[in-house]
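Single-structure report; data block below.
The values are calculated or read from the model by the stated rules, or taken from the named source; none is laboratory data. Values in this document were obtained by computation on a predicted structure and should not be read as measured data. Because the Cβ atoms are built from the backbone with ideal geometry, glycine has one as well, and the counts that use them run over all protein chains shown.
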Amino acid sequence: MYTASPPTPARVDCRDGQFRGYRAADGLRDEFRVGLRQALDELASAYRRPVGDAVHVRRIVALADRLTREHPRALVRGRFRIGPAQKALNLYLKYQWSAGWIPMPPHGPFDAVIMGALPYRHRVSWTQLDTPEGCRALVAVAKTVAGAVPLAEWELRAYRRRAPAGRRAWRYT
């Protein structure tokens, strides 16, 4: 009698033919998405009042650790890094803020577009970022570049200036 085995990660070959990690089967990926959405919904309620940078970074680390614990088989090398965790949380908060549901978040998402607005020597691959210190360092550099403008506002403006035309979903002044 044939019985189906549980989904297992599949090998991923990149264009250059080098092995980079594992890709989760569709069921695991869907479970991860549900878990991420649930975690973001829970965290968003904690942002109904202004939150400082230190608390925000701790929550990003907690999000990465939670999803790593709950969904290791759905993740490359079993780890949800801090870089993707900060992008997910900050992007979610950016939408919540833009809709008027929460006050201004501590900062916006750090991705390739925003990294391009930072001085070259401070640019890192946000997808590889996996330390709270690295996250804090990015925030410090962005604050220096932003000057007196709050980081969430600066991110909106920097994204508008730097994003390719097809990625500019919003119109900013």
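Rundown of residues vs (1) within 20 Å of Val34 (Cα to Cα); (2) basic (Lys, Arg); (3) assigned to a helix (DSSP H, G or I); (4) at pLDDT 90 or above, yes/no style:
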| residue | (1), (2), (3), (4) |
| --- | --- |
| Asp65 | yes, no, yes, yes |
| Thr68 | yes, no, yes, yes |
| Arg73 | yes, yes, yes, no |
| Tyr92 | yes, no, yes, yes |
| Glu155 | no, no, yes, no |
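Please determine whether any residue of segment 121-141 is of a type in the set (D, E, K, R), surrounded by fewer than 18 Cβ atoms within 10 Å (Cβ to Cβ), assigned to a helix (DSSP H, G or I) and at pLDDT 85 or above.
Yes, the conditions are met somewhere in segment 121-141.
Given (1) surrounded by fewer than 19 Cβ atoms within 10 Å (Cβ to Cβ); (2) within 17 Å of the chain's Cα centre (by Cα); (3) under 18 Å from Leu43 (Cβ atoms), identify the lone condition not met by Glu70.
Looking at each condition in turn, Glu70 falls short on (2).
Yes/no per residue for (1) of a type in the set (Gly, Ala, Ser); (2) loosely packed, with under 14 Cβ neighbours inside 10 Å:
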| position | (1), (2) |
| --- | --- |
| Ala46 | yes, yes |
| His56 | no, no |
| Ala64 | yes, no |
| Val76 | no, no |
| Tyr92 | no, no |
| Trp97 | no, no |
| Trp101 | no, yes |
| Pro106 | no, no |
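Considering only segment 78-90, state which residues are out of contact with any Cys (no Cβ under 7 Å at 6 or more places or on another chain) and either of a type in the set (Asp, Glu) or buried (at least 18 other Cβ atoms within 10 Å of the Cβ) (or both).
Those that are out of contact with any Cys (no Cβ under 7 Å at 6 or more places or on another chain) and either of a type in the set (Asp, Glu) or buried (at least 18 other Cβ atoms within 10 Å of the Cβ) (or both): Phe80, Arg81, Gly83, Pro84, Ala85, Lys87, Ala88, Leu89, Asn90.
Listed here are the residues, each with its yes/no results for (1) touching a residue at least 40 places away in the same chain (Cβ under 8 Å); (2) closer than 12 Å to Pro109 by Cβ.
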residue	(1), (2)
Ala137	no, no
Ala142	no, yes
Ala152	yes, yes
Glu155	yes, yes
Ala158	yes, yes
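Failed condition for Arg23, given (1) at pLDDT 90 or above; (2) in contact with a Pro (Cβ under 7 Å, 6 or more places away or on another chain); (3) among the basic types (Lys, Arg), with all others met?
Single failed check for Arg23: (1).
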